Amino acid sequence: MEMVALGIGILAVATAVMTILLRPRLRESRLASQRLQGRNTFAAARKDLEAKFFTLSAQSGRPRGLSWLHCDFAETVTFARDTNSGELRALVGMTIQFQAIAGGDMEDNPNATNLRAATAVFSFEAGQWSTAGRTIFNLNPVETITHFKHELQVLEEAEGTDG
């Protein structure tokens, strides 16, 4: 009877140790699967995401004194992993056209209507693509990942989409 109890105890300890050792691998495997799903579904969701991005960004009040007129999104997408959450991010370069708001700080600035380069950030969380309208001004997607190297890790080279 003591041998059976000892065997059960050893089995329980071994199971607990294996669970602790395998947990990070299982989590990473699950996140890798989710990232693959995200990369595979981004193109289908892209048009709606870009429209939502533009709406949210235009309502943000940034940059101060300018209103968003138009956004041209690049065809290529750079995927990155958020190093804190492990979740997927899609970074898309874009060119933005602004207009000075009448009576605003930028109304008399001759540079107000200059085209601006930026990166749009899209997030894949809980199996769905979304955007908060986050704009990284003056950086392309690769520069964005370099600048935020403690938060983002490139997953693959930029790729074209059908979007």
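The values are calculated or read from the model by the stated rules, or taken from the named source; none is laboratory data. Please read these numbers as outputs of a predicted model, since none were measured by experiment. As a convention, Cβ positions derive from the backbone with ideal geometry for all residues, glycine included, and neighbour counts pool all protein chains shown.
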| Residue pairs meeting the criteria (Cβ under 6 Å; at least 6 apart or on separate chains; first surrounded by 17 or more Cβ atoms within 10 Å (Cβ to Cβ), in the stretch 86-97; second basic (Lys, Arg)) | 88/35; 96/116
| task | Working only within the stretch 86-104, note down all residues that are part of a loop (DSSP other than H, G, I, E, B) and in contact with a strand residue (DSSP E or B) (Cβ under 9 Å, 6 or more places away or on another chain). | result | 87, 101, 104
| request: Answer with yes or no whether residue 83 is more than 24 Å from residue 142 (Cβ to Cβ) and among the hydroxyl-bearing types (Ser, Thr, Tyr). | output: no
| What residue, of 43, 5, 16, 12, is over 14 Å from residue 135 (Cα atoms), modelled with pLDDT under 95, surrounded by fewer than 16 Cβ atoms within 10 Å (Cβ to Cβ) and under 18 Å from the mean Cα position of the chain (by Cα)? | 43
| task | Within the stretch 134-153, track down each residue that is under 11 Å from the mean Cα position of the chain (by Cα) and part of a loop (DSSP other than H, G, I, E, B). | result | 134, 151
| field | Matching entry among 72, 48, 82 (being under 16 Å from the mean Cα position of the chain (by Cα) and farther than 18 Å from residue 145 by Cβ) | value | 48
| request: State yes or no: is residue 76 under 30 Å from residue 37 (Cα atoms), touching a Lys or Arg at 6+ places or on another chain (Cβ under 6 Å) and either among the charged types (D, E, K, R) or at pLDDT 95 or above (or both)? | output: no
| field | Residue selected from the stretch 104-163 under the condition surrounded by fewer than 16 Cβ atoms within 10 Å (Cβ to Cβ), on the phi < 0 side of the Ramachandran plot and among the small types (Gly, Ala, Ser), by the criterion modelled with the lowest pLDDT | value | 160
| query | Looking at 66, 26, which is the one that is at pLDDT below 90, more than 14 Å from the chain's Cα centre (by Cα) and more than 19 Å from residue 142 (Cβ to Cβ)? | reply | 26
| query | Any residue at all in the stretch 47-63 that is part of a helix (DSSP H, G or I), surrounded by fewer than 12 Cβ atoms within 10 Å (Cβ to Cβ) and at pLDDT below 90? | reply | no
